[in-house]
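These notes concern the structure reproduced below.
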Amino acid sequence: MSGFERHLVVMARRPALGTGKRRLAADIGALAAQRFYRDTTAALLRRLTPDPRWRSWLAVTPDAAADRDRLPWYYEGTTIEQGRGDLGARMGRLLRDLPPGPVVIVGSDIPDIAGHHIRSAFRALGRHDWVFGPAEDGGYWLVGARRRPRLTAAFEGVRWSSATTLADSLANLDGQPIAFLECLADIDRGRDLAAWRAARRGVVSR
């Protein structure tokens, strides 16, 4: 992959009370959900964006919030708009429009993503066309594409936020070399947050 930059994209929503993480907010309250998302995203950006081995991009929604001064986070990288459409349309646009080189996309609400996951993803793209980080709920917390010699439309017809999200994406890529990373927890509900916090304390959640 010499001659091409590696691109890491963190997809994020500008934190605002009552928007985003609605299932979590229904369980723990809107203010607590907003704080969780804001703090998790801040920690993720601090861990991942300073690494010189890739170029970092923060893809923000809504588009009007892409002004760096309107965001509550410090990070090293370029801010861009996610644009319109569902999650698949927005990720597909990123894969098509970013400068040449392998692209890895992560969500900003997975608290256990670390630098070694990103390094593993880019290493996998040296031998595979795609890489996925499966989530425990049937979705995925990371997707990466080599984008050479061609880019397949991986996200058409995907049922987002469902137990079939990963399976739908893989069906679109049938026959292509795909690598997988470890499975991580996506914090969507209050029980997910409680289990994650318990695991961090070394306590088995009942």
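The values are calculated or read from the model by the stated rules, or taken from the named source; none is laboratory data. Given the structure is predicted, the values throughout are model-derived calculations rather than measurements. For neighbour counting, all protein chains shown are included, and Cβ atoms are generated from backbone atoms with ideal geometry for every residue, glycine included.
Can you tell me which residue in the range 156-174 is nearest to the chain's Cα centre (by Cα), limited to those that are among the hydroxyl-bearing types (Ser, Thr, Tyr) and assigned to a loop (DSSP other than H, G, I, E, B)? Ranking the candidates gives SER161 first. Name the single residue that is nearest to GLY144 (Cα to Cα) among those in the range 42-70 being of a type in the set (S, T, N, Q) and in contact with an Asp or Glu (Cβ under 7 Å, 6 or more places away or on another chain). Ranking the qualifying residues of the range 42-70, first place goes to SER56. Looking at the range 142-181, which of its residues are hydroxyl-bearing (Ser, Thr, Tyr) and surrounded by 15 or more Cβ atoms within 10 Å (Cβ to Cβ)? If the condition is that a residue be hydroxyl-bearing (Ser, Thr, Tyr) and surrounded by 15 or more Cβ atoms within 10 Å (Cβ to Cβ), then THR152, THR165, SER169 are the ones that fit.
Quick one: is SER108 polar (S, T, N, Q), in contact with a Ser or Thr (Cβ under 7 Å, 6 or more places away or on another chain) and farther than 21 Å from SER161 by Cβ? It is false that SER108 is polar (S, T, N, Q), in contact with a Ser or Thr (Cβ under 7 Å, 6 or more places away or on another chain) and farther than 21 Å from SER161 by Cβ. Filtering the range 31-69 to residues that are touching a strand residue (DSSP E or B) at 6+ places or on another chain (Cβ under 9 Å), surrounded by fewer than 17 Cβ atoms within 10 Å (Cβ to Cβ) and in a helix (DSSP H, G or I) leaves ASP63, ALA64, ARG68.
So that you can scan it fast, the table gives a plain yes or no per residue for (1) under 14 Å from the mean Cα position of the chain (by Cα); (2) assigned to a strand (DSSP E or B):
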| position | (1), (2) |
| --- | --- |
| TYR74 | no, no |
| ALA89 | no, no |
| PRO100 | no, no |
| VAL104 | yes, yes |
| ASP112 | yes, no |
| ARG123 | no, no |
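Listed conditions (1) within 15 Å of PRO134 (Cα to Cα); (2) touching a residue at least 24 places away in the same chain (Cβ under 8 Å); (3) of a type in the set (Gly, Ala, Ser); (4) surrounded by fewer than 16 Cβ atoms within 10 Å (Cβ to Cβ) are all met by ALA185, apart from (4). Residue check: is ASP27 outside any loop (DSSP other than H, G, I, E, B), in contact (Cβ under 8 Å) with a residue 12 or more places away in the chain and more than 20 Å from TRP141 (Cα to Cα)? Yes: the conditions hold for ASP27.
For the range 137-147, indicate whether the set of residues that are in contact with a strand residue (DSSP E or B) (Cβ under 7 Å, 6 or more places away or on another chain) and assigned to a loop (DSSP other than H, G, I, E, B) is non-empty. Yes.
The set of residues from the range 2-23 being outside any strand (DSSP E or B) and closer than 26 Å to GLY144 by Cβ comprises SER2, GLY3, PHE4, GLU5, ARG6, ARG14, PRO15, GLY20, LYS21.
Annotation: of all residues in the range 175-201 being of a type in the set (A, V, I, L, M) and not in a loop (DSSP other than H, G, I, E, B), the one that is modelled with the lowest pLDDT is ALA199.
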